[in-house]
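Below is one structure, written out as structure tokens; the observations come after it.
Throughout, read-outs are computed from the coordinates displayed, never taken from laboratory work. What you see is a predicted model, and the numbers here were worked out from it, not measured in a lab. Using ideal geometry, Cβ is built from the backbone for each residue, glycine included, and neighbour counts are taken over all protein chains shown.
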């Protein structure tokens, strides 16, 4: 467990302990499940806290592990952004284990560790290299500080290269075994996107994986007629994205989507509450707000 996570847990335990067990349980139920504690749940939690079998953070984990939390946890339309981010974290955690990773556009504005690490990629790696534009060449909403190499993380070292993802000439053939493009392929025009995908194919070793998530144009055009981000150059439909990837020689290993938007697509009226409320990964990718594809370079 990363030391920063341990510090957060310790801080949370200290705060909740100051409330007293009974108040602590009531607050936790209201925050996590959105309701008062039921008698059985309250007594179970109080017993476990009283005997020291659970710390306050472990009691909260118990609530978050319940079927009720998974079933009834709903983001609202006003929190569509956090809902999409939560869904993307699920996708990142599902990616294959890899030794050498290339992340296209993977800057995290809040952390030098980069997006894959902060979003929960679970496997240790030998190297993770993030390719992103120099800060002064990015759209103003994506500007961040330059990071010195390497950035040490609990999974492995993270390196930065500051240039366009359309130029991967600095990477040798078959030099990485996983390439991730998270919310980045839509920032280059379609012709340049084909160049990126062909370059990804070249730098991947046989059997390596190319994973990407990107807005689904079929749904975003229901949301609004123009692109959902002022820096987007394209928003692919599922068919267009699969064609882009397979035309470079990739085989599709998995195809899912996040934030199911079935009713919005069927009615032609975007329902932000529906899309935000359906956080998570779904097999019916064509009706999802974000497309999540994992492709494989044949051996």
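Tabulated data for the structure shown
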| item | result |
| --- | --- |
| Burial ordering of 107, 153, fewest other beta-carbon atoms within 10 Å first | 153, 107 |
| Spread of Cα-to-Cα distances over 10 Å intervals beginning at zero, given as percent, for the range 167-299 | 13, 42, 30, 12, 2 |
| Highest-MSF residue in the chain out of 161, 284, 35 [GNM, Cα springs under 10 Å] | 35 |
| Highest average packing first - 36-42, 87-93, 257-263, 162-168, Cβ atoms within 10 Å | 257-263, 87-93, 162-168, 36-42 |
| Correct choice for semi-axes √(5λ) of the Cα gyration tensor in Å that was computed from the model, options (1) 32, 21, 19; (2) 27, 22, 20; (3) 37, 25, 17 | (3) |
| Antiparallel %, DSSP beta bridges [both residues in the range 77-296], to 5 | 50 |
| Stretchable slack from residue 273 to residue 140, in nm (0.36 nm times residue separation minus alpha-carbon distance) | 45.0 nm |
| For the chain, built as a Gaussian network whose Cα springs stay under 10 Å, the top-fluctuating residue of 102, 19, 244 | 19 |
| 74, 187 arranged by Cβ crowding within 10 Å, fewest neighbours leading | 74, 187 |
| In degrees, nearest ten, helix 3-17 long axis to first principal axis of the chain (Cα) | 30 |
| Footprinting exposure proxy for 125, 250 (fewest neighbouring C-beta atoms within 10 Å first) | 125, 250 |
| Principal-axis tilt of helix 39-50 within the chain, Cα atoms, nearest 10 degrees | 90 |
| Mean Cα-pair separation over length for the range 48-138, i.e. relative contact order, pairs under 8 Å, 6 or more apart, % | 24 |
| Within a Gaussian network of the chain (alpha carbon springs, distance under 10 Å), most fluctuating of 239, 26, 205 | 26 |
| Degrees between helix 80-93 axis and first principal axis of the chain (Cα, 0 to 90, nearest 10) | 80 |
